[in-house]
Amino acid sequence: MKETTIKTRWMMLFIAYLALISCFIPYVGYSTQVSAIMEDIGINYTQAGLLASVTALVGGIILPFVGGIVDRWGAKNIIILGLIIAAISQVIFAYMPDYSSLVFSRALAGLGVGLLFVGPYTMAVKWFEDVGNNGVALGVMFTSDGIGTAFSLYLFALILAAMGWRGGSAFGGIFLVIVLILTIFFLKEPPSFEKDKAKAQQDRINFSEYVKVLKNRNVIVAMAFFVGEWGLYAVMAYWVPTLLIEDAGWSESLAGLLTSLYVLIGVVPAIIFGLISDKMGKRKIFIVIAGLWMTINVALLTIAIYNGAYGLAAFIMPLIGIGVYSGMPVALALASESVESNRIGVVNGIVLGVGFLIGGFAYPSIMGYIKDVTGAYTTGFVGLIVATFILTFLLAFLGKDVEKNADESSEEIAK
């Protein structure tokens with residue numbers, strides 16, 4: 001069928017990818033302007049950390065529920081709704097006069113960002129699951145972290161520097177509207193949508209179904225990994241630029257560019273390891289290796305920051321990104337393969353939601369509080385080492401590879 005040609009699959013993946021990239025503007029696009037916002041509004045580090053955390057809090061709360069309805073509503077509709085909300089939140093953020101209003105706009109952004117994580121990832125899996133290329137598809141999608149962060153922390157930083165954080169934020173809303181128009185006219189649901197929709201209508205997801213998914217050992221592994229990696233991302237994308245600007249005296253654009261290398265370097269390994277994992281039919285070993293690599297390099301980063309070796313710290317950050325983006329697509333693919341097709345949206349929502357809620361919310365808030373109390377970031381980075389070791393390495397040993405053609409159920413994997 002025409003709808004299932006390779007060209008069509010990759011075109012749909014590209015549009016979903018573009019939508020996913022765009023959400024990084026409302027998520028972290030203003031990070032290089034944190035110092036300016038603090039001075040303009042008159043807030044401290046803890047309050048600035050809350051601006052990032054409230055976005056992750058709202059996004060994390062809604063992600064599991066969005067995952068439960070994406071099969072009935074369709075990933076395209078979820079993406080469209082997410083783009084509309086994200087664009088509105090971006091414009092509101094640009095013109096809010098005080099701190100409480102900014103918090104509201106960031107919470108609204110969390111709603112849009114949450115929708116824009118589940119929709120595109122589910123779209124990718126649905127278009128490629130029938131040909132057994134989930135690892136490659138998710139590997140491509142996870143490169144959006146690198147491209148999206150580079151775009152939002154470097155290119156968008158130039159716009160913010162030229163137009164100011166308010167004018168630049170409004171410009172970001174216009175970009176989101178352009179992506180919305182492209183999505184409405186060109187993105188299509190996958191061929192399995194009608195079948196999955198009908199099945200989802202007959203087999204509605206209740207609380208016990210969520211509990212069943214949460215007990216799956218591979219879902220637990222993926223959740224733990226995403227909490228660890230998303231927490232790292234939140235700190236790297238939000239506080240590290242501020243650290244490099246304030247402590248190292250670097251420019252906003254340079255700090256944004258070097259910070260974005262953390263995820264930009266992960267573009268290649270995300271695709272390569274997803275492909276190798278697909279070919280080998282193995283997922284667990286890649287997650288374990290990624291977790292160990294991340295822990296070692298977070299420890300080295302902490303040592304560098306403690307000693308004021310910011311050039312070395314900038315060099316180490318991309319090394320962490322290699323581990324993060326080698327493990328992310330494999331971990332999510334392992335979790336997705338452990339459930340029935342009409343539960344993939346639920347799994348994506350739970351895994352991304354828990355990672356977003358705990359990692360994205362707690363990490364930047366705690367780091368900001370530690371900075372206020374101690375006057376330095378070192379203690380917070382020591383905590384990052386411990387959390388990364390437990391969440392991404394130790395807990396990865398709970399995982400169990402799924403045979404591609406086996407009739408193994410999620411209940412068996414959960415044992």
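Nothing in this text is a laboratory measurement; each read-out follows from the coordinates by a stated rule. Everything numeric here is computed off the predicted structure, so don't read it as measured data. All Cβ positions, even for glycine, are placed from backbone atoms using ideal geometry, and neighbour counts span all protein chains on display.
When you restrict to C-alpha pairs under 8 Å that are six or more residues apart and normalise by the size of the chain, the relative contact order lands at 28 percent. Look at the dipole of the stretch 2-413 built from charges on Cβ: of F93, W10, A290, the Cα furthest out on the positive end belongs to W10. Charging the Cβ of each Asp and Glu at -1 and of each Lys and Arg at +1, and nothing else, the dipole of the stretch 2-413 about its Cα centre rounds to 560 debye. When you count the other C-beta atoms within 10 angstrom of each residue and take the mean per peptide, 157-167, 114-124 line up highest first as 114-124, 157-167. Of interest is the spacing of the C-alpha centroids, which for the stretch 104-175 and the stretch 265-341 amounts to 19 Å. Extension gain, V373-L275: 0.36 nm per intervening residue step, less the Cα-Cα distance, totals 30.8 nm.
With the crude spin-label approximation of a point 7 Å out along Cα→Cβ, what separation in nm comes out for I181 versus A107? Going by the 7 Å Cα→Cβ label model, 3.3 nm.
The stretch 27-48 and the stretch 228-255 have Cα centres lying 12 Å from one another.
Rounding to the nearest 10 and keeping the result within 0 to 90°, find how far the Cα-based axis of helix 267-280 lies from the longest principal axis of the chain. That helix lies at roughly 20 degrees to the long axis. With the gyration tensor restricted to C-alpha atoms of the chain, the semi-axes of the equivalent ellipsoid amount to 33, 25, 18 Å, longest first. Listing L81, L108 from fewest to most neighbouring C-beta atoms within 10 Å gives L81, L108.
Applying the Karplus relation 6.51 cos²θ - 1.76 cosθ + 1.60 with θ = phi - 60° to the stretch 110-116 yields 3J(HN,Hα) values of x, 5, x, 4, x, 5, 7 Hz, where x marks Gly and Pro. For the stretch 1-115, the direction-averaged projected area of the alpha-carbon convex hull comes to 8.1 nm².
Sequence-ordered 3J(HN,Hα) estimates for the stretch 250-258 from the Karplus curve with 6.51, -1.76 and 1.60 and θ = phi - 60° stand at 7, 6, 4, 5, 5, 4, x, 5, 5 Hz, glycine and proline given as x.
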